[in-house]
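This report refers to the structure that appears directly beneath it.
What follows draws every value from the coordinates through simple rules; no lab data is involved. From a predicted model like this one, the values you see are computed outputs, not experimental measurements. So basically every Cβ, Gly included, is an ideal-geometry build from the backbone, and we count neighbours across all protein chains shown.
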Amino acid sequence: MLLMASVNLFSQQSSITDYLVQCEIKYGSDADLVNGEKYSYPYSQALGDPFFFPETRTAEITIHEKEFKGQLLRYDIYNQQLILDYENLYGVSASLVLRSQWVESFAFENQKFKKMEGPDGKAGFFQILGKGQIDCIYLWSKKYLLNLNSGEQSYYFTDPDRSSFLRIEGQVHPYKSNGNFIKAFDPGLQKPLKQFLRQAKIKVKTASDAQMRHLLEYCNTLSHEN
């Protein structure tokens, strides 16, 4: 049933598509998990796109504890699915919807995403920033809306939106402002943290990944000192 069912099976999988065939054999072809397999873009008439990046990017993907580097990937944050672009045995470009149940993590250079249970109890792909007992996780999304300003019916995708969460020793705290962020910490840490945010000119709602990593390094150091 898998797109690449006709591919030759090697004793050691040489590509991610070969490996997916082996997974199909091992784990079965549950139709509830397939979710589309062969991918074709359905939003050609809409403004914008449903992706985290507008173009395909090189990524590292982990499926059933097996790592695949140098893969061409698109992350659809509207549908929360991963699109693998590749060339088939005949050199023809093709796209495959990866089963989210199989993917454990993926990364675009310095942006790493991991499948995990969110604060609402639902599994999803979260971007992870920072290392240590204190880190941040982002859940990215877009909306697909009707454009009511045009004279004819048309649709568009909104800009990416992120829901931000601070994790302190496993405890998850949602935040939207510096005030929310600071209040997640013990009272004795709040004053120096507030001073650091002011001096570094960091607004957590709009901070870049680099700024947040810098902040989280300080948070972990501050926590260890106390």
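A compact table of results
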| item | result |
| --- | --- |
| Shape call, region 116-226: gyration tensor on alpha carbons, a/c limit 1.5 | prolate |
| Protection-proxy order for peptides 194-203, 124-133, each taking the mean of Cβ atoms within 10 Å per residue, highest first | 124-133, 194-203 |
| Qualifying GluC sites (Glu not before Pro) for region 72-127 [loop in DSSP, other Cβ within 10 Å: at most 12] | Glu109 |
| Taking Val172, Val103 and counting other C-beta atoms within 10 Å, the order from fewest to most | Val172, Val103 |
| Sequence of His214, His224 once ranked by neighbouring C-beta atoms within 10 Å, starting from the fewest | His224, His214 |
